[in-house]
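Every number in this text was worked out from the coordinates using simple rules, so none of it is lab data. It should be emphasised that the depicted structure is a prediction, and the values quoted were computed from it without experimental measurement. In this analysis, Cβ positions are derived from the backbone assuming ideal geometry, glycine residues included, and neighbour counts consider all displayed protein chains.
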Amino acid sequence: METENNNLEKALEGDIKAFQSLFAELQPHLKSYLYRLLTDRNDTDDLTHDTFVKAFDKISTFNGDSTFKTWVFQIATNLAYDFLKKRKRWLPNAQDQAKSLAMSTEYIQQLFVMTNQTSNRGRYEIKEHIDFCFTCISKTLTIEQQIAIILKDIYWFSRKEIAAILNKSEGVIKHLLFNGRKIMTDIFDNRCALINKNGACHQCTELAGIYNSKQTKREELMKIEMVRSSEDESREKLYQLRTDLVAVIDPLNSKGTDLQDIIMQCTRLAINEIETIQP
């Protein structure tokens, strides 16, 4: 803590090395946060760099009303918000469209297999795909709801901190969280076969059957508290179990991050957000 305070004092005086040290400590969370918003590695790298440049350029305006981390996330969020305004909200069936595209396109199927077999981060795990699914469903929300949900439920920012980041009142943040959670809970309840036997989406177990042929689907599923509790817990509790799981996964640094990224690109291609997949 003392070292952090010393670095902050030096950074406020324009010491670039002290600023770099402060920024490096929060960068892993910042990058994973931006990736969940942007769903693109290159865009994430670009906005992380832009955040660094802008934050250092404006470091003299940091007055300590919030933590340094909150202040940096505010800058990053403003940049991401401007970027996302140019894009359309996703529909709940975006993953269905991706599945149809992958099944009808041999090249994409080959990319999936190649990534799984050659990348040291190409493993398939259901837990990581739940994280992927959470990101996809969050993109059906308004930008403000998406940001509030991810900051609060995945990165544990307080409502007061989120209010500062979005420049809104705590009352507005409370409504954003309530409405956003309700929308996501409704979508999960109607779609997710892991928590609803009538759910339309079986993507997790279907992919597990393809990439984890030596491991039974049930064995993999029963490792997940959400599945074990699905018949006994309320929809709100199941949502909480889901966010608890997502919060401990880094979508940019996990055992299956490369495979999940290819699946994400397939989804974005299916909804016409990108024109091609970059292996």
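Working note: 222 nm ellipticity from helices only, DSSP H runs with n ≥ 4, each -39,500 (n - 2.57), summed and divided by the residues of the chain, gives -21000 deg cm²/dmol to the nearest 500. How high is the relative contact order of the chain, in percent, with contacts defined as C-alpha pairs under 8 Å that are six or more residues apart? Dividing the mean separation by the residue count of the chain yields 24 percent.
For the stretch 7-55 versus the stretch 133-179, the inter-centroid distance based on Cα atoms is 20 Å. Label positions at N198 and D244, each projected 7 Å from the Cα along the C-beta direction, are separated by 2.7 nm. For the chain, the longest principal axis of the Cα atoms and the long axis of helix 170-191 meet at an angle of about 10 degrees. Estimated from the Cβ-Cβ distance and a Förster radius of 35 angstrom, the FRET efficiency linking L91 and E25 is about 0.40. Given springs between every Cα pair under 10 Å in a Gaussian network model of the chain, which of K99, K160, K86 has the largest fluctuation? Looking only at K99, K160, K86, the largest GNM fluctuation is found for K86. Loop sites by DSSP among the GluC sites (Glu not before Pro) of the chain, restricted to those with at most 13 other Cβ atoms within 10 angstrom, leave 14-230 as the longest stretch without any of them. With a 10 Å cut-off between alpha carbons and a GNM built on the chain, which of M226, M103, M114 moves the most? Of the options given, M103 has the highest mean-square fluctuation.
So if I place +1 on the C-beta of Lys and Arg and -1 on the C-beta of Asp and Glu, and nothing else carries charge, what would the dipole magnitude of the chain be about its Cα centre? I want it in debye, nearest 20. Don't jump to the answer; show the numbers that get you there.
On the way: 37 positive and 39 negative charges, 144 e Å.
Computed about the Cα centre, the dipole is about 700 debye.
Summarising the label geometry, the points placed 7 Å from Cα in the beta-carbon direction at K58 and D186 lie 3.5 nm from one another. To the nearest 0.05, how large is the calculated FRET efficiency for E170 and E231 if R₀ is 30 Å and r is the Cβ-Cβ distance? Calculated transfer efficiency: 0.25.
Projected label points at E9 and E106, each 7 Å from Cα along the beta carbon direction, are separated by 6.8 nanometres. Against the set (i) 1.11; (ii) 1.05; (iii) 1.00, the structure's computed Cα Rg over 2.2 N^0.38 Å falls on (ii).
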